[in-house]
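Trainee: Here it is, the structure in full.
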Amino acid sequence: MTYILTFWLLWAAGDNQILQVSPFASLEACINYATNFVQEVKSDGVVASKWNCELVEEEDV
């Protein structure tokens with residue numbers, strides 16, 4: 001199983017940003033990374049944020 005983390009960030013300057021971070025092997029690892037990241041970017045000028053950990057089906061190549 002693989003999880004992809006998507007962030008929606010609103011900066012104080014009014015800019016919106018979407019970031020994707022992957023892969024995570026577990027939902028717990030994804031959530032831990034997300035909560036730590038949100039705390040870090042608040043001090044960098046992010047005024048609002050949302051995030052989502054989504055399970056992605058692994059495909060054989």
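Every number in this text was worked out from the coordinates using simple rules, so none of it is lab data. Being a predicted model, the structure only gives us computed values, none of them experimental. Because the Cβ atoms are built from the backbone with ideal geometry, glycine has one as well, and the counts that use them run over all protein chains shown.
Trainee: Filtering the range 25-61 down to residues that are surrounded by fewer than 11 Cβ atoms within 10 Å (Cβ to Cβ) and among the acidic types (Asp, Glu), which residue is farthest from the chain's Cα centre (by Cα)?
Mentor: Asp60
Trainee: Sort out which residues of the range 1-16 are free of Cβ contacts under 8 Å to residues at least 12 places away in the same chain and assigned to a strand (DSSP E or B), and write them in order of number.
Mentor: Result: Asn16, single match.
Trainee: State all residues of the range 1-28 that are within 17 Å of Gln39 (Cα to Cα) and small (Gly, Ala, Ser); if no residue qualifies, say none.
Mentor: Across the range 1-28, the qualifying residue is only Ala12.
Trainee: Testing Gln20 on (1) in a strand (DSSP E or B); (2) over 16 Å from Glu58 (Cα atoms); (3) without any contact (Cβ under 8 Å) to a residue 40 or more places away in the chain; (4) over 9 Å from the mean Cα position of the chain (by Cα), one condition comes back false. Which one is that?
Mentor: Looking at each condition in turn, Gln20 falls short on (4).
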